[in-house]
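Contents: one structure, followed by commentary.
The values are calculated or read from the model by the stated rules, or taken from the named source; none is laboratory data. All values derive from a computational prediction rather than experimental measurement. Counting neighbours? That spans all protein chains shown, and the Cβs are built from the backbone with ideal geometry, glycine included.
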Amino acid sequence: MKDRYNRTIDYMRISITDRCNYHCVYCNPDKFKFLSHNDILRYEEILDICKVAVKLGIVNFKVTGGEPTVRKGYLSFLRQLKQLDGVKQVTLTTNGLLLDPHTMEELKDIGIDGINFSIDTLESKKYALICGKDTLDTVLNNLLYGVSIGLNIKINVVVGPLFTINDLESMIYFFKGLPVSLRFIELMPLGSNKRENKIEEVQSYFTSQYDIEEITEKLGNGPAHYIRVKGMKCVIGFIEALHHKYCHECNRVRLSSTGQLKLCLFHKNSIDLKPYIDDEEKLEEVMRESIYMKPEQHHFEDEQSGTVMNQIGG
Ligand code: SAM
């Protein structure tokens, strides 16, 4: 469907849990207070919302969290979502710790359209410092297994205060020969995070050190822009919510684990869909009217948002 600014909305990010097996420093470090299980939507309820979303033209879904893989039954949920009539793409964003080879095979069988691994550094100690667990090797092994069986894999690197050019160089060295997307994400000033300009340094590094070519065709459902680097198999992406505001082409809405429809990551307002789940017609009406009113743009550059990342899923 189109919203009032004529943007096509065809993508929904679904947070299936606020719980996480990591405690990343930039996510919501001080306020980890988990929701009660009773407040979290059941999978059937999420699927009911997705059915209505499909009717409205939202056909691409990203499953996220918290950490989606810590919720019991998530694989079966992904399978059902993928099999819903009209659904085009189902992708997963994860830290990858629980995606052992057996699980990767199952994800392949489900027909998952992509898996985003969040890995901010390849230095084990720094990795543990950022996320609270010394588990980098397991995550990398899981990722490499996924690549070996032909899954579509993206690596999300948040360019936060601890990120250095050494991190960038080791990432390039590790991923350059693999058919993956390596994406650098500008840190969003949520919670206690301050604005950073490091994403510009990362871009300049590529332009000054390498022979690059902009990729004009759209890869994926998100706002990343990509470059191809001569001699590298991986493509490089940049997601810059602040430096390059992409609100005019924003195609997404978010569903929180408690059933709140959030129309913009920045804006505090959200619409509680829970009361309407049993009434498909009313649910459709509420979703249609709410999405139509999606805010024109975020204002991260001016002020802080009240968004809590582990509840809304990035
Ligand atoms: N647990 C999963 C994971 O690790 O990918 C999914 C949830 S996590 C909130 C989704 C993505 O949001 C991750 O790639 C994470 O790095 C990113 N993220 C969290 N806080 C962020 C912030 N302040 N700015 C930019 N990205 C952020």
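List of remarks:
- Selection count where residues are assigned to a loop (DSSP other than H, G, I, E, B) and either aliphatic (A, V, I, L, M) or farther than 19 Å from Thr138 by Cβ (or both), scope the range 67-113: 14
- Scanning the range 19-66 for residues that are of a type in the set (Ser, Thr, Tyr) and not in a helix (DSSP H, G or I) returns Tyr22, Tyr26, Ser36, Thr64.
One line per residue, one yes/no per condition, for (1) modelled with pLDDT under 95; (2) under 21 Å from Leu273 (Cβ atoms); (3) surrounded by fewer than 22 Cβ atoms within 10 Å (Cβ to Cβ):
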| position | (1), (2), (3) |
| --- | --- |
| Met12 | no, yes, no |
| Ser15 | no, yes, no |
| Val25 | yes, no, yes |
| Asp48 | no, yes, yes |
| Ala53 | no, yes, no |
| Lys88 | no, no, yes |
| His102 | no, no, yes |
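- The residues of the range 1-13 that are more than 10 Å from the ligand (Cβ to nearest atom) and either touching a Ser or Thr at 6+ places or on another chain (Cβ under 7 Å) or in a loop (DSSP other than H, G, I, E, B) (or both), listed by number, are Met1, Lys2, Asp3, Arg4, Tyr5, Asn6, Arg7, Ile9, Asp10.
- Members of the range 244-303 that are outside any helix (DSSP H, G or I), crowded, with 20+ Cβ neighbours inside 10 Å and aromatic (Phe, Trp, Tyr): Phe266
- Within the span defined as the range 192-202, one or more residues are in a loop (DSSP other than H, G, I, E, B), within 14 Å of the ligand (Cβ to nearest atom) and crowded, with 18+ Cβ neighbours inside 10 Å.
Let's see how each residue does on (1) of a type outside the set (S, T, N, Q); (2) touching an Asp or Glu at 6+ places or on another chain (Cβ under 9 Å):
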| site | (1), (2) |
| --- | --- |
| Gly86 | yes, no |
| Thr91 | no, yes |
| Asn95 | no, yes |
| His102 | yes, no |
| Leu107 | yes, no |
| Leu122 | yes, yes |
| Ala128 | yes, yes |
| Asn141 | no, yes |
| Leu144 | yes, no |
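- In the range 161-213, the residues that are closer than 22 Å to Gly114 by Cα and of a type outside the set (A, V, I, L, M, F, W, C): Lys176, Gly177, Pro179, Ser181, Arg183, Glu186
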